[in-house]
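Heads up: the structure comes next, in structure tokens.
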Amino acid sequence: MTLAERKTAFVELGKFLGQFSAENTTPKEGVQHNDLFFDNFSNLIELSQSHNRWFTKDEVYFALQSWADALTPDNLDKWLSNYSLDTVEPKTIGLILAGNIPLVGFHDLISVVITGHKALVKTSSNDQHLLPFLVKYLIAVEPRLENAVTFTEQKLEGFDAVIATGSNNTARYFEYYFKDKPSIIRKNRNSAAILTGNESKEELIGLGEDIFRYFGLGCRNVSKLFVPKDYNFTPFWEAIYEYRDIIHYEKYANNYDYNKAVFLMSNFKILDNGFLTIKEDSSYSSPISSVFYEFYENTDAIKQRIETDKELIQCIVSNIDGIGGKVAFGDTQKPQLWDYADGVDTIAFLSKI
């Protein structure tokens, strides 16, 4: 298959995904194989929360729409235009995927298939259903991709390179086990926001989206705030009140109650609004339903801090000039195809194996 033919298959997948949203899930004219896949996928979305309690319909729909927006001809062309992929020799790439948010490993799979390689995929136990279904749809659109993706529940064997995502502990195991193979090994990362006190209410509402989307489980969710000395938190609290209904979801509420109790029993000073606690802490990794914050002296100091800690950070939300790779308020969970996890260019890696 040519690169153009593989792109076309993913464009058709994007059209299929574009039919599913929280506001309106309706089959559209001209979408391939809707007779075989539309109703079954609607049913799978309904069942997603029974497979993973965090995968509510709203969160699954959000993930699907994000991918529908990404898989357009213009986006695929922009993403791949700077690479030379015509002479790539097909290899088997092992993929060990995370499962913290819906379809979190989809970018790795797309990257492998669209560069002409074969994917040997070990899904997370937390996300075992959505991705295999979409691969079936992709094969129906383009039967020549039938052997491009293999799912396995066994130990990975017979691969030429690997992309593995896990915790810091599992990353050490991955680094040892895959030491003789070309690899991308991803560890824990978190995202942060640098506030100045001059943010608009709309920007702070967007920050709430960055905090609460996927219940805060993603590496692109903001789990840490940097604020200037004497920062007034009132506008922040007023803006994120928009997200108060999150406390009505039982799993989130249980985490809120538990983590708040731990903080209080440990005599930590916290600020609390009934559905989110914030705590002064130098760490980036806050528990579910909590965000850490830290004061900074001036913009030069915070720029230096971010540079020092860049290996711990996935993305930064800020209006401050000179912050590399910063993301607009409300956009952390809307990465483009060319926004690579950990800043590691997956296509460049795959094109040179």
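The values are calculated or read from the model by the stated rules, or taken from the named source; none is laboratory data. Quick caveat, the model's predicted, so the values are computed rather than measured. Please note: Cβ atoms are built from the backbone with ideal geometry, for glycine as well, and neighbour counts cover all protein chains shown. Please note that ligands, DNA and RNA were not included when accessible areas were found on the heavy atoms of the full protein model with its side chains. Shrake-Rupley method; radii C 1.70, N 1.55, O 1.52, S 1.80 Å.
Here are some notes:
- Of the solvent-accessible surface of the chain, computed with a 1.4 Å probe and all protein chains present, 47% belongs to carbon and sulfur.
- Surface listing: Asp127, Asp281 arranged by accessible area from highest to lowest gives Asp281, Asp127, probe 1.4 Å.
- For the residue pairs Lys118/Lys155; Lys181/Lys352; Lys224/Lys251; Lys155/Lys352, the C-alpha atoms sit more than 20 angstrom apart in Lys224/Lys251; Lys155/Lys352.
- Per residue, the convex hull spanned by the Cα atoms of the chain amounts to 150 cubic angstrom.
- For the peptides 283-289, 225-231, 320-326, the ranking by mean Cβ contacts within 10 Å, running from highest to lowest, is 283-289, 225-231, 320-326.
- Counting DSSP beta bridges with both ends in the chain, the antiparallel % (nearest 5): 10 percent
- Loop GluC sites (Glu not before Pro), the range 263-306 (other Cβ atoms within 10 Å of the site Cβ: 14 or fewer; DSSP): Glu297
- Relative to the 2.2 N^0.38 Å rule of thumb, the range 12-119 has a C-alpha radius of gyration ratio of 1.19.
- Lysine pair count for the range 1-92 with Cα-Cα distance under 19 Å and sequence separation of 8 or more or different chains is 5.
- Cβ-based net charge around Ala253, under 13 Å, with every Lys or Arg adding one and every Asp or Glu removing one: +1
- Cross-link partners for Lys229 among the lysines, with Cα-Cα distance under 30 Å and sequence neighbours closer than 8 places in the same chain left out: Lys201, Lys260, Lys269, Lys279, Lys303, Lys310, Lys326.
- Local electrostatic count, Ser285, Cβ distance below 14 Å [Lys/Arg +1, Asp/Glu -1]: +1
- Entry comment: accessible area of the range 281-353 is 48 Å² per residue, from protein heavy atoms only and a probe of 1.4 Å.
- Per-selection Kirkwood Rh - the range 53-106 (Cα, Å, 1 d.p.): 13.9 Å
- Extension gain for the segment Asp245 to Gln336, taken as residue separation times 0.36 nm less the Cα-Cα distance, is 29.9 nm to one decimal.
- In the range 142-179, trypsin sites (Lys or Arg not before Pro) in a DSSP loop with at most 12 other beta-carbon atoms within 10 Å: Lys155, Lys179
- What the range 159-225 shows is 41 Å² of accessible area per residue, with the surface traced by a 1.4 Å probe over protein heavy atoms.
- Charge sum, other residues only, whose C-beta stays under 9 Å from Thr165's C-beta, Lys/Arg counted +1 and Asp/Glu -1: +1
- Convex hull volume per residue for the range 146-235, taking Cα atoms only, in Å³: 171 Å³
- Distance between modelled label sites at Asp300 and Trp237, nm, 7 Å Cα→Cβ extension: 3.5 nm
- In the full protein context, the range 45-141 carries 39 Å² of accessible surface per residue, based on a 1.4 Å probe and ignoring ligands, DNA and RNA.
- Modelled this way, with points 7 Å down the Cα-to-C-beta line, the labels at Thr72 and Glu311 are 3.8 nm from one another.
- Spin-label pair Ser282/Asn34, simplified geometry with 7 Å Cα→Cβ offset, distance in nm: 5.7 nm
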